[in-house]
Structure formats: structure tokens, C-alpha cells
1. Pick out the one residue from 258, 266 that is modelled with pLDDT of 95 or more and outside any loop (DSSP other than H, G, I, E, B).
2. From the list 218, 187, which one is open to solvent by less than 20 Å² (accessible area, probe 1.4 Å) and more than 21 Å from the chain's Cα centre (by Cα)?
3. Scan the strands (runs of 3 or more DSSP E) fully inside the range 99-157 and keep the ones with 3 or more residues being open to solvent by 50 Å² or more (accessible area, probe 1.4 Å) and modelled with pLDDT of 90 or more.
4. Would you check which residues across the range 221-247 are within 22 Å of residue 456 (Cβ to Cβ), assigned to a loop (DSSP other than H, G, I, E, B) and open to solvent by less than 50 Å² (accessible area, probe 1.4 Å) and list them?
5. Report the residue count in the range 352-398 for those that are under 15 Å from residue 331 (Cα atoms), part of a strand (DSSP E or B) and open to solvent by less than 70 Å² (accessible area, probe 1.4 Å).
6. Pick out the one residue from 321, 288 that is over 17 Å from residue 355 (Cβ atoms), open to solvent by 50 Å² or more (accessible area, probe 1.4 Å), among the charged types (D, E, K, R) and modelled with pLDDT under 90.
7. Can residue 342 be described as closer than 13 Å to residue 312 by Cα and either at pLDDT 90 or above or surrounded by fewer than 19 Cβ atoms within 10 Å (Cβ to Cβ) (or both)?
8. Taking residue 401 as the residue in question, decide whether it is at pLDDT 90 or above, part of a loop (DSSP other than H, G, I, E, B) and buried (at least 16 other Cβ atoms within 10 Å of the Cβ).
Amino acid sequence: MKKISDLDKSTIGVLGLILAVVLFFSVNVIAAFTLKNYRLDLTEEKLYSLSQGSLNTVKQIKEPITIRFYLSGKLAKVSQIHATYAVRVIELLEQYASASDGKIKLEIVDPEPFSKKEDEALSYGLKGIPVGNSSEYVYIGMTISNSSDRRRTIALLDPSRERFLEYDITKYLTDLTRSKRPTIGIISTLPIDGRGEPHLMYPKYHPRWAIMNVIRDIFNVRFISRQTLDIPPDIDVLMLVNPKKFNEETMYAIDQHVMRGGNLLVLIDPFSEVEVALGEVPYSIRPDIDKLLKTWGISFDPTHFVADTVLARTISHTQEDKSLQTKFLPWLAVNENYLSPEDPVTSAITSVNLAYAGNFNVTEKVDGLTVTPLLFSSKESELLKTILGLNPDPAEMLRNFSASGKNMILGLRIKGTPKSAFEKAPTRNFLKQRPEAHIPEAKNPVNIILIADSDLLADKFWTKKSTVLGVEQLYPFAGNADLIVNALDNLSGATSLIDLRSKAEWKRPFIVIEKLALRAGLKYREQEALLFSELEATQDRLKELTQKASDKNNETLSKEDKDEIQMLQERIIALRAALRSVQNVLSHDILALQSSIIAFNVILIPVLLVFIALFVAWRRRARRTQGRK
């Protein structure tokens, strides 16, 4: 038998390669069975690990939970994308089962066509994917049930909603394990829960907003009339949406709800786009709600909204028959740099979209109350009159913009024991009053969250909808729903889902590009403003001379006036060309910045790494050559 030293190098190389392959498969097989519950998640957002909120929910499970994952064996033949996603789903469900110490039982069911298991899946509301033109269907969905047979269903698992998977599962686990759902009372002047019926002409039909489906999925909801004389005592959190037209008795009922220790979420709006779209003219908030704010040491200006060049969203608009990309100052995309990192309601959110948001001011420090800002603007912001929202001109707003140099408060939290805004109960002559006497001061510490916008609830500002095989799916692009549900969770005392929502909305914006584009924009906006100012003055002078020429009582225009008219017309043409040139240069510069940075990341860095690798290889080879000599 030959010794290893007697073998030539090529033979040793082949043997080594064979041993490496055998070792690779052996380690993987052993790891698959012995290290199944151990994993290392190196992703920045920890996308493949259970969050602390999920782990807390699993630890609180006291009764057995059964998760049935309905997965058709023929799925890969119909949709390879869904089949690949199924592997990810199974891995996540196994993590839940492993963390539950046996309290979660995982069952994987194959609902074969025309079988009892398929009938069971259909009875639970699962939606099948059709197999070609046949009458067969394949399934990828799940049900989660507790020992009392309460059941929640995910009818169809959509791969495009993968980042929401853990949130959906933990949301249903939380719902099935708690003894009582929190009850949210809502007083709204906007049709957030829908209005009318599709087949009726009056009142005009408005579908339910997506935010209400999200809220109803987690809480019990009860809508309360704007003319109510009492807030029911079983309301855990009272939510006011665009509060207006409240009579004194209703405001007193809200005040006494707080005095009894009830928490409050208020969305006030200086200018509601939704109201305008509904054909209603928005107007300032009445002094009644202002009465509560004043008692808490807060003021709110209903005649102005916050404009911000740093947080403004970019929109497309038409100017002189040309489509332009412009920052629209009333629409704010408040990112994590302007959301309080200390408060549990905002700490896990990356962005919130607002429209014509107002501004809160702390006018005085009230004994027993603490005020904490939750959302705020950048220092490149100012207050503009709400009347500009009736016929907004994005370009004009930018030209006239002048930064205030200070952060404005867009949302805040009030904690403590406030005093009543009323000295006594209002007189009520036609309905029975509450038996309790007037409460002058809150019995227990309360939580009040104020947000200076209500349009943020509207679908267009935070989510896109899509119906897949009859199942409506939401695809959020901003954390508006997370903000509202986090607030309701926090105010009702349920916090297990708050840190989880950060995974439900994540993105990687080109921050460097955004900053460079902002600087370039400021540079050219100044030049554009000067040109536009000269253009307006020139047009006014031309109008004056033209009107003079058309006045029959005046003599024929002098040669000087005619020459001036011709010169002004030529100047107007030149100024418009200059304006177009400035706008084109701005767009070109921003595009060039984007292209150069993307090219640097996509092309230059890999090429640089290749050169470094070649250099290292050359150096090693040179050293080996020198060693042989």
C-alpha cells in the first residue's frame, strides 16, 4: 500500500477534493438534525429572527395553540415563487413552535384535490390557486386556533407581503391568547368606516378605509355620535378624528372620560384634504376642543400648516405643458430622524406621511402634566396659511418659502393628572344625565396623544391595495397605520406588537442622494425665484402698456412705448427660456448625482475589489518566487 508521501500532487488534490465534498455533506446532514434550533441571523433588520415582541407573546401563551399550515404538494408545479416562499413560512413557524415550549403545535396539511382536507381548508376560508384550466386548486394558507376553537385565518400567503408575515402571525396569537380585546371608542367627522351602500344613490358610497380594517383586526371598535352626552365607561381608549362641530355637552363628556382615567388619542387637522374631496369646505377648529387644549397647556393654530423643504415629498406636476418633479411642501414624509426614539409609539417606526399638518405649542407648564414631543419638523420649515391648500401651487410655495430655523411639534404625548376644563356640568334639559357628580381632577394618571393631522389615515398616504384571488392585500409604503395602532396599543396597555411593526415597514433610501439633491435644489431655487420675480414685473409692465394702447380715450402710443412693448415681449420670452433652463439643469444635476453614486456602488466598488484581489494574488506569488530562489 502506497503512503500518502508517495502519491503525486494531482492524486492528493483529487482525494482532498473528494474528502472536502464528503465533509461538506456530512456537516450539513449532521447540522440539519442536531442544530435545527440554532441559527445565526446576520441581516441588519434581523428579518429571519423572531422579534422580542413575538417572543413575549409566545411566553404569555397559557393554553394550547394549533397552527395548521395548508400547503399543497403540487404547489411547485403551479407557482415556484409560492413554493419557495413556503420554505420561509415553515422555517418561521418552526421558530414559533420551538420558542413556545410545546404550547404551539404545528401541523402541515396537504389539502389534496377533492379530499376532506380540502373541504376543511375551504370551510376555514382559505383561497386556492387554480391549476391551469382544470377544476383543481392548490393552497398556501394557514389557520391559528386555541383550545376553545376560536380561529383566525390567513386565507392566502402572498410572497410580496413576506416582511409582514411575522407581524400577521403574532397579531393573531396575541388576539387568541388575551382574555379581552381592548375597546376603542371613535368619534369621527370623516367617513373612515365607510358610508352608504354601493347600490344606493344616496348617501354617496364611500368604502371603509384600510386603517379601519387594521384597527378592527386587533381591537373592538365602537363608533360614538358627535352629539353624545356620555362616553361609555367600558371604552378603553377614545379616539377623536378631525374633531369639529362638537357641542358643549359632548366636550364635557370627553373631558369627564379623561377625568375618570380614560386615555385619549386626538387627530386634529388645520386643513383636511379629505374634507375638500368630499365637497366640504374645511374650517378652523371650534373653541370647544381648544378649551381642552388650553387646560393642558397646549395651543394649536388652525389657520396655518407646516411646510418643510427637508421632509417634503416629491410629486409630479405640470407647468407650461411640461411634467416636472417638485417638492410639495404641505406633504411631509417624517422619517426616523424626526420621530422620538425614546417613546414606544414612535421608536420602531421609520416613516410617517402627513398632509397639511398643523403645529402644537406648549404655552405653559401645567402642574401634574408632562409634555413629550413625538413627531416634529426639521428646522427648514415654516408656517403657511391654510387657504393656500384650496388651490395649491407647488412652485410658488417653494419660491416664497423662508425657513423659520426651528423644529415644529407635529405630535406629542401628555401624561399626568389633568384638571377638568369645566367648573361644573353643562345644563341638560332633554336627556338623562350620568349619575356621577362632576369630577374636577383626573382620578388616575392618564395618557393623551395629540397628532396634528387626520389625513394621514387616508389610504393614499400610506398604503396600496391589491386583490389577489378575491383576498384584499395591503402593501404599506409608510408607517401611518403603525403609528395609530402603536398609539392605541400603548394607550390600552397592550404593547407586544409595537416593536414588531418595524419589520412591517422597512426601506433603504439613498440618503446621500436625497441630501445632495436638496442642496442642489436650494441653489437653483434662489435663481428661479429671481427670474420669476423679474418675469412677473415684466408682465405687469407689458399689461399696463397694452391696456394703455387699447384705451380709446388715449392718443396713439408713442414710438418709445411701442419699442418698450416689443422689448418687454422679447424679455418675457427670454425669461421663460431661462426658467426652463434652470429647471432642466436642476433635474439634470439631480439625475447626474443619482447616476454617479449608483455607478460608484454598482461598478467602481466591485472593480476596485477585483484589483485588490489581483494585487494580493500577485504579491503572494512574488513572495513564493523569491522564497524558491
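1. 266 is the lone residue from the list that is modelled with pLDDT of 95 or more and outside any loop (DSSP other than H, G, I, E, B).
2. 187
3. It comes to 104-109.
4. Listed by number, the residues that qualify are 224, 242, 243, 244, 246.
5. 10
6. Sole residue among the options that is over 17 Å from residue 355 (Cβ atoms), open to solvent by 50 Å² or more (accessible area, probe 1.4 Å), among the charged types (D, E, K, R) and modelled with pLDDT under 90: 321.
7. The answer is no for residue 342.
8. So residue 401 fails the test.
The values are calculated or read from the model by the stated rules, or taken from the named source; none is laboratory data. No experiment lies behind these values; they were computed from the predicted model shown. Neighbour counts are summed over all protein chains in view; Cβ atoms, including those assigned to glycine, are modelled from backbone coordinates with ideal geometry. Remember, those area values only see protein heavy atoms, side chains included, never the ligands or the DNA or RNA. Shrake-Rupley method; radii C 1.70, N 1.55, O 1.52, S 1.80 Å.
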